[in-house]
Amino acid sequence: MDSLTLQQLAVSLGLGLLLGLQRERTDRSIAGIRTFPFIALFGTVCAQIAQRQGGWIIGAGLLALAAVVVVANLAKMKTGEIDPGITTEVATLLLYALGALLVVGNMAVAVVLGGGMAVLLHFKDPMHRFAAAVGERDMLAIMQFVVLTLIILPVLPQQGYGPHGILSPLRIWLMVVLIVGINLCGYVAYKLFGARTGSLLGGVIGGLISSTATTASYARRTASEQTLAPLGALVIMIASAVSVARVLVEIGAVASGSFTGIAPPLAAMLAACCIISAALYLSSGKQAAKMPQPENPAEFKPAFVFGALYAVILLAVAVAEDHFGSSGLYVVAVISGLTDMDAITLSTAQLASTGGVELPTAWRTILVAVMSNFVFKFGIVAALGPRALTGRIATAFGTALACGGAVLLLWPA
């Protein structure tokens, strides 16, 4: 027996034990910690035999297993046990298929699917609670994201238009899907953890949804409840730090090959923001933060607006680089960063990945946009918030901007 065969059987046994342990703790009426490993091994052995005898062996094994599941359910019905759910039954059939996939397919894929099955089975109650909490508005957000991703995206042409062929409808819409997806993650986190969360989590969720909207919301709240100024400053700073982390995620998504050349200076800025947030946390106490109700992250109008904005900035960055060099890029970054860091980040990272912008110029452009966004959010706080909050944000953001300026001046090219 060769080592590959032993490896397949060992992985199959492990997946069966993992799923069997979970079923043993929740629903062992048909199969538990002993039966599930047998099912996985049955699929693996059938697939191994099929390599010599033909693929019909796998189909015959599946039919046999299905017959056993039917007989087990009939026996349960005779004893008066009535369970309308079929989760365990489907899990047994899928586990058999995973056992076979270990042999005839990709072992890594089978392992990932097995782990996903275990997670889905284990988190039954939280998932049911989440489904119960999903309202019509939430379903609308999910379905709109489906339209943006699975209906509009596949039909768009990949061909580039405009100067240098940089305006590709498919690529532009892919950036829209990426940003809406990030926003949707924040929205789901809000629904999972509720409006009242800890200040740390409140800032994180706010940064995922929109650091600018979070800044405006807490500036208004502290204007009417000035005792919340320390908490408001903390949440705003955490949300701003998360917005920098979000920039790094976006760079990794669209320019993974250039990530190591762009990310380190921005990571230094993120580290500075995290240190400032930690200092605010220690000085503000552990108050609870009530998150504002976020807007639907998958609305069509904002999605189309962002797509148009991204295309305009992508074009502006390319033209500025051609005609004015890096100084022109920085002007575009300052203007764009005032309201939206995502568009300038994605457009610059994409151009850097294709060689349209040099890596040092790319990270400097993005960092300038980040700093511009900090200035804009300070203006929001100064206009809407009380003096107590404005003073704290001036200190926090001023320190962050000083760190960003030091990175711009001192980071080696």
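The values are calculated or read from the model by the stated rules, or taken from the named source; none is laboratory data. No experiment lies behind these values; they were computed from the predicted model shown. Positions of Cβ are generated from backbone atoms using ideal geometry, with glycine treated the same way; all protein chains shown enter the neighbour counts.
Within the range 46-79, being touching a residue at least 12 places away in the same chain (Cβ under 8 Å) and among the β-branched types (V, I, T) holds for I58, V69.
Tallying residues that are of a type in the set (S, T, N, Q) and surrounded by fewer than 24 Cβ atoms within 10 Å (Cβ to Cβ) within the range 342-355 yields 2.
Remark: pairs (first residue in the range 2-20, surrounded by 21 or more Cβ atoms within 10 Å (Cβ to Cβ); second residue of a type in the set (K, R); Cβ separation under 8 Å; 6+ apart in sequence or on different chains) = G20/R34. Considering the range 94-180, the qualifying helices (runs of 4 or more DSSP H), each wholly inside and each with 2 or more residues that are outside the structural domain of A352 (by TED's automatic domain parsing), small (G, A, S) and within 30 Å of G14 (Cβ to Cβ), run over 107-122. Only one entry in A216, A245, A189, A239 is of a type in the set (G, A, S), surrounded by 16 or more Cβ atoms within 10 Å (Cβ to Cβ) and in contact (Cβ under 8 Å) with a residue 60 or more places away in the chain, namely A216. Output yes when any residue across the range 81-92 is closer than 24 Å to L18 by Cβ, modelled with pLDDT of 85 or more and among the hydroxyl-bearing types (S, T, Y), and no when none is. No: the range 81-92 contains no residue that is closer than 24 Å to L18 by Cβ, modelled with pLDDT of 85 or more and among the hydroxyl-bearing types (S, T, Y).
For the range 393-409, the criterion of a residue being touching a helix residue (DSSP H, G or I) at 6+ places or on another chain (Cβ under 6 Å), touching a residue at least 60 places away in the same chain (Cβ under 8 Å), on the phi < 0 side of the Ramachandran plot and aromatic (F, W, Y) is satisfied by at least one position. Here T339 passes the criteria (1) without any contact (Cβ under 8 Å) to a residue 40 or more places away in the chain; (2) surrounded by fewer than 16 Cβ atoms within 10 Å (Cβ to Cβ); (3) under 21 Å from T214 (Cβ atoms) except the one numbered (1).
Cβ-Cβ distances below 7 Å connect the following pairs, each with a first residue in the range 133-147 that is over 16 Å from N183 (Cβ atoms), a second residue that is at pLDDT below 80, and a separation of six or more residues or different chains: A133/K191.
Here A271 meets the list (1) within 28 Å of T361 (Cβ to Cβ); (2) buried (at least 23 other Cβ atoms within 10 Å of the Cβ) almost entirely, failing just condition (2). Checked across the range 9-32, the condition of being out of contact with any His (no Cβ under 8 Å at 6 or more places or on another chain), farther than 30 Å from D125 by Cα and either modelled with pLDDT under 85 or in the same structural domain as L102 (by TED's automatic domain parsing) (or both) holds for at least one residue.
Exactly one residue out of S277, S243 is within 25 Å of T395 (Cβ to Cβ), of a type in the set (S, T, Y) and within 16 Å of the chain's Cα centre (by Cα), and it is S243. Name the single residue that is farthest from the chain's Cα centre (by Cα) among those in the range 248-260 being surrounded by fewer than 18 Cβ atoms within 10 Å (Cβ to Cβ) and modelled with pLDDT under 90. Filtering the range 248-260 for residues that are surrounded by fewer than 18 Cβ atoms within 10 Å (Cβ to Cβ) and modelled with pLDDT under 90, the one farthest from the chain's Cα centre (by Cα) comes out as G257.
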